[in-house]
Amino acid sequence: PEPTEEPAAEEPKILKIRMAGDMRDLDPAFIPQTIDANISTNIHQGLIVYPGPLDEVEEILLAEPFTISDDGLTISFKLREGVQFHKGYGELTAEDVKYSFERFQDPELDPPYRDDWAALDHVEVTGKYTGDIILAEPFAPLWKSTLPVTAGWIVSKAAMEEHGHDVLAIDPVGSGPYEFVEWTPDDKVILKRFED
């Protein structure tokens, strides 16, 4: 028989990006600079995202199309089922959405982006994957500068309650396409493809 050649081991696909500085805080409620946002956008996801030009908000990523009340004060959402958090923190649910948005109202946390959710009254969980975002007043920026960007990114309630902001600021848990692996200050940040 012909000798068979061992298939070459697939080399890891590595993309290296030079950043203008070092990361400081990857918690969506506290992201202080563009560098942190550029890293965190690969780790975290929101209900909606900008698919291209900023005038085209598309309801993709974590939610199906919304139902909006006639007065614009109740936004009902249904999450895609089966979305997993990194590091074994389980499935993303409506409780995580509630926690992620309502934490902006916590006076003890006092996040710098609290005004992105200034019109939020509360989030009502109506099922494992469903809920209502209840606004106290109409808030047009919700669709352009809150939901599709950092203030709209969902964090793991379980991870945040277990570790708190100080830990997750530099070792975040998200549900995005890349999982945080390592940070060596003033040297490198390593992310890897999230298998789940």
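The values are calculated or read from the model by the stated rules, or taken from the named source; none is laboratory data. Owing to the predicted nature of the structure, the values given are computational and were not obtained by experimental measurement. Every residue, glycine among them, receives a Cβ derived from its backbone with ideal geometry; neighbour counts consider all protein chains shown. With ligands, DNA and RNA removed, areas are computed over all heavy atoms of the protein, side chains included. Shrake-Rupley method; radii C 1.70, N 1.55, O 1.52, S 1.80 Å.
Based on the mean of other beta carbon atoms within 10 Å per residue, what is the order of 105-111, 40-46, most packed first?
Working: 105-111: 11.1, 40-46: 21.6.
The most tightly packed comes first, giving 40-46, 105-111.
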- prompt: Tell me, what is the 1.4 Å probe accessible area of Arg80, in Å² to the nearest 10?
  reply: 110
field: Cβ crowding within 10 Å averaged over residues, with 83-91, 62-70 ranked highest first
entry: 83-91, 62-70
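Determine one quarter of the surface area of the Cα convex hull of the chain, which equals its mean projected area, and express it in nm² to one decimal. If you can, show how the numbers build up before the last one.
Values: hull surface 60.3 nm².
The orientation-averaged projected area of the Cα hull of the chain comes to 15.1 nm².
Over 21 Å between Cα atoms: which of Lys98/Lys188; Lys16/Lys157; Lys78/Lys192; Lys98/Lys128; Lys16/Lys87 fall into that group?
Details: Lys98/Lys188 33 Å; Lys16/Lys157 31 Å; Lys78/Lys192 28 Å; Lys98/Lys128 11 Å; Lys16/Lys87 23 Å.
Those over the limit are Lys98/Lys188; Lys16/Lys157; Lys78/Lys192; Lys16/Lys87.
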message: Charges on Cβ only, +1 for Lys and Arg, -1 for Asp and Glu, centred on the Cα centroid of segment 142-187; of Thr146, Thr184, Leu168, which one is farthest towards the dipole's positive end?
response: Thr146
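So how strong a dipole does the chain carry about its Cα centre when Lys and Arg Cβ are +1 and Asp and Glu Cβ are -1, to the nearest 20 debye? All intermediate terms of the calculation are to be shown ahead of the outcome.
Details: 16 positive and 40 negative charges, 43 e Å.
For this selection, approximately 200 debye.
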- request: Divide by every residue of the chain the summed helix terms, -39500 (n - 2.57) for each DSSP H run of at least 4, and state the resulting mean residue ellipticity at 222 nm, rounded to the nearest 500 deg cm²/dmol.
  value: -4000 deg cm²/dmol
- prompt: Shape of segment 86-184 from its Cα gyration tensor (a ≥ b ≥ c, root eigenvalues): rounded if a/c is under 1.5, otherwise prolate when a/b > b/c, or oblate?
  reply: prolate
